[in-house]
Amino acid sequence: KFLKLYDEVEERLAGTEQSSEAKHLHTLYSLTVASISNGRLEPESVDTAEKRRALVAILEPLAKNEARPNNALEAKTYLTLIKTHDAMQGEATDALDECWTDFSEILKASETLGSYPVDLLESVLGELGNVVDSPAFDNLFAELTDVIGQRRSHGAAGQANIKRAFQKLELENPYEAIRWFGRAEELLLKREYREELT
């Protein structure tokens, strides 16, 4: 049933001009790959390479349309997420570092685009931080928390730093955790954030 509905969504979204619609197909693609990994779907039941090709074919024209910068940047984000998944599956460290650079460029571009959904990157990178421990990723995450501080508040940025600090503890990197707690503390010194600081 899932795969049947996937095909229907894929067919309906062919030629869409909205990244906000294409994201639904990206979600289904991610679920498909994850379902194969955890044994919920048989690998032979779906051609993931073809599903990937169809998704990229939808996203690439959107990413190249500079007349719609918010829409293009969101499409670039989904393309980079696909690239990141491929690199993680292949355990390719160099390719992953390239993905972190791509995400960094997306973050920089988003600074002038008020409608770009930064919470998407916050959610995805927050999850990836549970398994990724590298200087390049840490630089990216620091840039993300700076953008969160500009977009929302110092409190939200501080909370993101706290999350990264606890991830570092889980990844058995306590000295790095101290550094991230320090970053959080600097942002939470105002009286209105005393609960988060505690």
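Data for the structure
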read-out	value
Gly126 being without any contact (Cβ under 8 Å) to a residue 24 or more places away in the chain, of a type outside the set (S, T, N, Q), over 21 Å from Ala72 (Cβ atoms) and open to solvent by less than 60 Å² (accessible area, probe 1.4 Å)	no
Helices (runs of 4 or more DSSP H) lying entirely in the range 1-66 (those with 2 or more residues that are small (Gly, Ala, Ser))	19-37, 48-64
Ala67 out of contact with any Phe, Trp or Tyr (no Cβ under 7 Å at 6 or more places or on another chain) and open to solvent by less than 70 Å² (accessible area, probe 1.4 Å)	no
Among the candidates Ile162, Ile148, residue that is out of contact with any strand residue (DSSP E or B) (no Cβ under 9 Å at 6 or more places or on another chain) and open to solvent by 20 Å² or more (accessible area, probe 1.4 Å)	Ile162
Residue selected from the range 84-113 under the condition closer than 13 Å to Leu140 by Cβ and of a type in the set (A, V, I, L, M), by the criterion most open to solvent (accessible area, probe 1.4 Å)	Leu96
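Condition check ((1) at pLDDT 95 or above; (2) under 18 Å from Tyr116 (Cα atoms)) across all residues:
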position	(1), (2)
Leu25	yes, no
Glu50	yes, no
Glu60	yes, yes
Leu73	yes, yes
Lys76	yes, yes
Ala92	no, no
Ala95	no, no
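The values are calculated or read from the model by the stated rules, or taken from the named source; none is laboratory data. Treat the numbers as computed from the prediction; the structure is a model and nothing was measured. With ideal geometry, Cβ positions are generated from the backbone for all residues, glycine too; neighbour counts draw on all protein chains shown. Accessible surface is based on the protein model in full, side chains and every heavy atom, while ligands, DNA and RNA are left aside. Shrake-Rupley method; radii C 1.70, N 1.55, O 1.52, S 1.80 Å.
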